[in-house]
Amino acid sequence: MLVNQQHFRTIWPKFDDGKAMVQVIDQTRLPHVFAVADIASLQDMVHAIKTMQVRGAPLIGAAAAYGIALAMEESCTDVQLSHAAITLVAARPTAVNLKWAVDRMLARLQPLPLQDRPRAAWAEAAVICDEDVLLNQAIGQHGLEIICQQVRSKTRTLNILTHCNAGWLATVDFGTALAPIYAARDAGINLHVWVGETRPRNQGASLTAWELGQHGVPHTVISDNAGGHLMLQGQVDMVIVGADRVTATGDVCNKIGTYLKALAAYHGDVTGARIPFYAAVPSPTIDWTIEEGVAHIEIEERHADELIWISGKLADGTIASVNVLPSDTQVVNPAFDVTPAKFVTGIITEHGVFAPDQLREMLECREDA
Ligand code: MRU
């Protein structure tokens, strides 16, 4: 996607004078500073994932693949490979793309002679990235069809609500939840996006609003608590979110607060008309080994500091963090929640749109491919 009219992906390798590294857009500095961070080792990559310089389920997967490639530059033994895999998977437990990418790298590298592993690792990581871009473009096209159906029943601007950031910053390019929105905007559809700010880390306010602005998509940031009110008022026509993991039965695990949006959408506007609630999900985000999400998906518990401190730009332009809680206040900070499938209208995938209870049909699409 474009940043100041220049095309960027979120992650790419850099090979200089025989030295290999990875570069990423540093998401901890947006929206106030656009900066590229150098990642030169496995340890740097684990740090980047943990501190959320890179974040979003598909991007974490791509980052982990490059983390393995960096680890192979250091040493390409079996011990190093399994150390890299264990460290990367432990960095963030909820998004299944991370484990998916690591497993794929292991399957590619383990059978190879040691000296062939570094080159193969860089190549496989690049393929994972290119595939992510294609999956997201396909999600964009399938989601566009749903948006077009909604537009047909409206005589005014279509209002779509999203939560967190599932845009191109959360992927290698194009995004998941935002891919249909970009496709619709490019097709000239008159739409507007409500962006929940997404406390505690404000990925909606800081990242989604920034990237929608870069692409010229009309949008408005709302507090997380405003979504239900706007739905009752008839000001939300559909909801599209991303996901960090979706179960085989269509339970959707996504950023904390998603469940409340889904509940409100299920109860609909003031007439009781249900508001369609979609999750846009590439196949690596589906965990076919889990049926029931609430009981079986591990929810990342993040540091209390995310609630205690808020970071932003002061009037003089400096970036600062301020403390918003009384001292010694107890804090609990689950980063994700699970929306049970009954509240989900459909899952938008690269193979088409599936009702949650039909998601397994996607496996047949994959086998046909
Ligand atoms: O904690 P984050 O910022 O990594 O959480 C990201 C989300 O919840 C996204 O909405 C999700 O990963 C979908 S990414 C396309």
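The values are calculated or read from the model by the stated rules, or taken from the named source; none is laboratory data. All of these numbers come straight from a predicted model, not from anything done at the bench. Cβ atoms come from the backbone with ideal geometry, glycine included; neighbour counts cover every protein chain shown. SASA here: full protein model, heavy atoms, side chains in, ligands and nucleic acids out. Shrake-Rupley method; radii C 1.70, N 1.55, O 1.52, S 1.80 Å.
Asn136 passes every criterion in (1) closer than 26 Å to Gly213 by Cβ; (2) polar (S, T, N, Q); (3) away from the ligand (no atom under 16 Å from the Cβ) apart from (3). In the range 45-84, the residue that is nearest to Ser283 (Cα to Cα) out of those that are in contact with a strand residue (DSSP E or B) (Cβ under 8 Å, 6 or more places away or on another chain) and open to solvent by 10 Å² or more (accessible area, probe 1.4 Å) is Gln53.
A Cβ distance below 9 Å, combined with a sequence gap of six or more or placement on separate chains, defines the contacts here; from the range 168-195, residues that are on the phi > 0 side of the Ramachandran plot reach residues that are open to solvent by 10 Å² or more (accessible area, probe 1.4 Å) and among the β-branched types (Val, Ile, Thr) in the pairs Phe174/Val133. One residue stands out among those in the range 85-113 that are of a type in the set (Val, Ile, Thr) and open to solvent by less than 60 Å² (accessible area, probe 1.4 Å): the one that is nearest to His47 (Cα to Cα), which is Thr87.
Listed here are the residues, each with its yes/no results for (1) among the hydroxyl-bearing types (Ser, Thr, Tyr); (2) farther than 24 Å from Gly143 by Cα; (3) open to solvent by 20 Å² or more (accessible area, probe 1.4 Å).
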{"site": "Trp288", "(1), (2), (3)": "no, no, yes"}
{"site": "Asp316", "(1), (2), (3)": "no, yes, yes"}
{"site": "Ser321", "(1), (2), (3)": "yes, yes, yes"}
{"site": "Thr329", "(1), (2), (3)": "yes, yes, yes"}
{"site": "Asp337", "(1), (2), (3)": "no, no, yes"}
{"site": "Lys342", "(1), (2), (3)": "no, no, yes"}
{"site": "Thr349", "(1), (2), (3)": "yes, no, no"}
{"site": "Gly352", "(1), (2), (3)": "no, no, no"}
{"site": "Leu363", "(1), (2), (3)": "no, no, yes"}
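The single residue among Leu191, Leu178 that is surrounded by fewer than 24 Cβ atoms within 10 Å (Cβ to Cβ), modelled with pLDDT of 95 or more and assigned by TED's automatic domain parsing to the domain that holds Gly216 turns out to be Leu191. Candidates are the residues of the range 45-66 that are outside any helix (DSSP H, G or I) and in contact (Cβ under 8 Å) with a residue 40 or more places away in the chain; the one that is farthest from the ligand (Cβ to nearest atom) is Val54.
Look through Val322, Val338 and report the one residue that is within 16 Å of the ligand (Cβ to nearest atom), β-branched (Val, Ile, Thr), at pLDDT 95 or above and not in a loop (DSSP other than H, G, I, E, B).
Working: Val322 fails: within 16 Å of the ligand (Cβ to nearest atom).
From the options Val322, Val338, the qualifying one is Val338.
Among residues that are assigned by TED's automatic domain parsing to the domain that holds Thr349 and more than 13 Å from the ligand (Cβ to nearest atom), Ile160 is included. Going through (1) open to solvent by 40 Å² or more (accessible area, probe 1.4 Å); (2) among the aromatic types (Phe, Trp, Tyr); (3) more than 15 Å from the ligand (Cβ to nearest atom) one by one, Trp122 falls short only on (1).
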